[in-house]
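Structure first, commentary second.
The values are calculated or read from the model by the stated rules, or taken from the named source; none is laboratory data. Because the structure is predicted, anything quoted here is derived from the model rather than measured. Backbone-built Cβ (ideal geometry, glycine too); neighbour counts: all protein chains shown. Protein only, heavy atoms only, side chains kept; ligands, DNA and RNA dropped before computing areas. Shrake-Rupley method; radii C 1.70, N 1.55, O 1.52, S 1.80 Å.
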Amino acid sequence: KFFIAYNDGNDFKAKVITVASDRSCTGGSEVDFDDGGGTIEKGGLAYDPDTGRVVCVYRVANDGTNNHRTYATVFSVSGTTVTAGTPVIVENGYNNGWPHCCYDKHTDRLVITYRNMTNSDLFIRLATISSSSNTLTVHSASSTYEGDGEYPALATNDKGQVCVAYNKTSSPSRVRATLFTIDASNNTVSFGTAGDFSADNKAKDGTISIDWDRNTDVFVVAWAHTEETRKLHASLRPYSGTTWGTAATETQFASTNVHYVDMRASRGNLASCHIFHERNSTSTPKGADYAFSTATVAS
């Protein structure tokens, strides 16, 4: 089974999809979990294997405060039945950009990142998922890790390091990433030095995705190149603690007009990453189709 959350144009909904042995999919009943009081926009999902719960973080625009605020909802799943907790505000003080999240099993913390659209600061915030109910405790925000960035995305190696990738927007612009560690005793983070994954270019329209490849112990970032009409690029870097090693040369994987990108490293013995992306169709300008790429990882 897998879990999906989506915006139907009015509300945010969630459901479980069951995959049969013949690879056919069946959807369970959908549940409404936030009507937003405004416009609900792009979010991220994370899974807590210890509690068996799923968390969705998302942005609600103009929720009655004329702000763009980050919310989170926790779900439990029984069979194909989804039960949603009460949405909580993650960040109340800023006009937020699109949030992203991941669950770090090493520290049992949900990690959330978002952008303050007023001054372009990027933040990390930690939260704890209850083991007995669909509730979330949001801890204090950390210091910012970038003062001029956008479109952050998170990945963890579940053994002590978490990585956030993002656009550095000031000149020279870069696709960049920062490693950090979590101290669960006081819910704080310690940032390492940022490292570049791209040359003098940046990703376009939120098209950054990151994952950790367990077979080669590297972090891999994929993005759509701004100056090359959104061609799909990717690069990787080894690390030690929160210090980056030498980055690999960025590689172009698709020459189509790429929009949103989502990447997952292989969870088996094969060192590879699977990259899903939306691309514009030249025959139907208002439509879109989807592409699938597999990239071999070498450290």
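Conditions tested, residue by residue: (1) modelled with pLDDT under 90; (2) part of a loop (DSSP other than H, G, I, E, B).
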| position | (1), (2) |
| --- | --- |
| A5 | no, no |
| T18 | no, no |
| S21 | no, yes |
| S29 | no, yes |
| F33 | yes, no |
| A46 | no, no |
| N66 | yes, yes |
| V82 | no, no |
| W98 | yes, yes |
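Can you name the residue in segment 236-273 that is of a type in the set (G, A, S) and closer than 19 Å to A291 by Cβ and is also surrounded by the most Cβ atoms within 10 Å (Cβ to Cβ) among such residues?
If we take residues in segment 236-273 being of a type in the set (G, A, S) and closer than 19 Å to A291 by Cβ, then A265 is surrounded by the most Cβ atoms within 10 Å (Cβ to Cβ).
Do you know which of the residues in segment 110-134 that are surrounded by 15 or more Cβ atoms within 10 Å (Cβ to Cβ) and among the hydroxyl-bearing types (S, T, Y) is nearest to the chain's Cα centre (by Cα)?
T113
Determine whether C56 is modelled with pLDDT of 90 or more, of a type in the set (A, V, I, L, M, F, W, C) and either on the phi > 0 side of the Ramachandran plot or open to solvent by 40 Å² or more (accessible area, probe 1.4 Å) (or both).
Taking the combined requirement at face value, the residue does not satisfy it.
Based on this model, can you work out whether V175 counts as at pLDDT 95 or above and open to solvent by less than 10 Å² (accessible area, probe 1.4 Å)?
The answer is no for V175.
Report, by residue number, each residue of segment 223-239 that is of a type in the set (S, T, Y) and modelled with pLDDT under 80. Break it down into steps so the answer makes sense when it comes.
Filtering segment 223-239 down to residues of a type in the set (S, T, Y) leaves 226, 229, 235, 239.
The answer is T226, T229.
Given the criterion touching a strand residue (DSSP E or B) at 6+ places or on another chain (Cβ under 8 Å) and either under 27 Å from F33 (Cβ atoms) or without any contact (Cβ under 8 Å) to a residue 24 or more places away in the chain (or both), identify the matching residue among V164, V175.
Values: V175 fails: either under 27 Å from F33 (Cβ atoms) or without any contact (Cβ under 8 Å) to a residue 24 or more places away in the chain (or both).
When all the criteria are applied, what remains is V164.
Name the residues in segment 147-183 that are charged (D, E, K, R) and assigned to a loop (DSSP other than H, G, I, E, B), would you? I'd like the intermediate steps shown before the answer.
Quick first cut of segment 147-183, residues charged (D, E, K, R) only: 148, 150, 158-159, 168, 174, 176, 183.
Of everything in segment 147-183, those that are charged (D, E, K, R) and assigned to a loop (DSSP other than H, G, I, E, B) turn out to be D148, D158, K159.
Starting from residues that are within 25 Å of N157 (Cα to Cα) and of a type in the set (G, A, S), keep the ones in segment 60-96 and report whichever is surrounded by the most Cβ atoms within 10 Å (Cβ to Cβ).
A72
Which condition number in (1) at pLDDT below 90; (2) in contact with a Ser or Thr (Cβ under 8 Å, 6 or more places away or on another chain); (3) not in a loop (DSSP other than H, G, I, E, B) is the one that S120 fails?
(3)
Are any residues in segment 1-51 of a type in the set (A, V, I, L, M), in contact (Cβ under 8 Å) with a residue 12 or more places away in the chain and open to solvent by less than 60 Å² (accessible area, probe 1.4 Å), and if so, which ones?
Scanning segment 1-51 gives I4, A5, A14, V16, I17, V31, I40, A46.
Can you list residue pairs whose Cβ atoms sit under 6 Å apart, with the first residue in segment 212-236 being hydrophobic (A, V, I, L, M, F, W, C) and the second being part of a loop (DSSP other than H, G, I, E, B)? Count only pairs 6 or more apart in sequence or on different chains.
W212/N157; V218/P238; V218/S299; V221/F197; A224/R230; L236/A248
Got a sec? Which of T144, T137, T128 is touching a strand residue (DSSP E or B) at 6+ places or on another chain (Cβ under 8 Å), without any contact (Cβ under 8 Å) to a residue 60 or more places away in the chain and part of a loop (DSSP other than H, G, I, E, B)?
T144
For segment 147-171: of the residues being open to solvent by less than 30 Å² (accessible area, probe 1.4 Å) and touching an Asp or Glu at 6+ places or on another chain (Cβ under 7 Å), which is farthest from L110 (Cα to Cα)?
Here the answer is K168.
For the structure I just gave you, tell me whether T107 is open to solvent by less than 30 Å² (accessible area, probe 1.4 Å) and under 22 Å from T144 (Cβ atoms).
Yes; evaluated as a whole, the condition is true for this residue.
Out of curiosity, is S76 more than 21 Å from E150 (Cβ to Cβ) and either in contact with a Cys (Cβ under 7 Å, 6 or more places away or on another chain) or not in a strand (DSSP E or B) (or both)?
no
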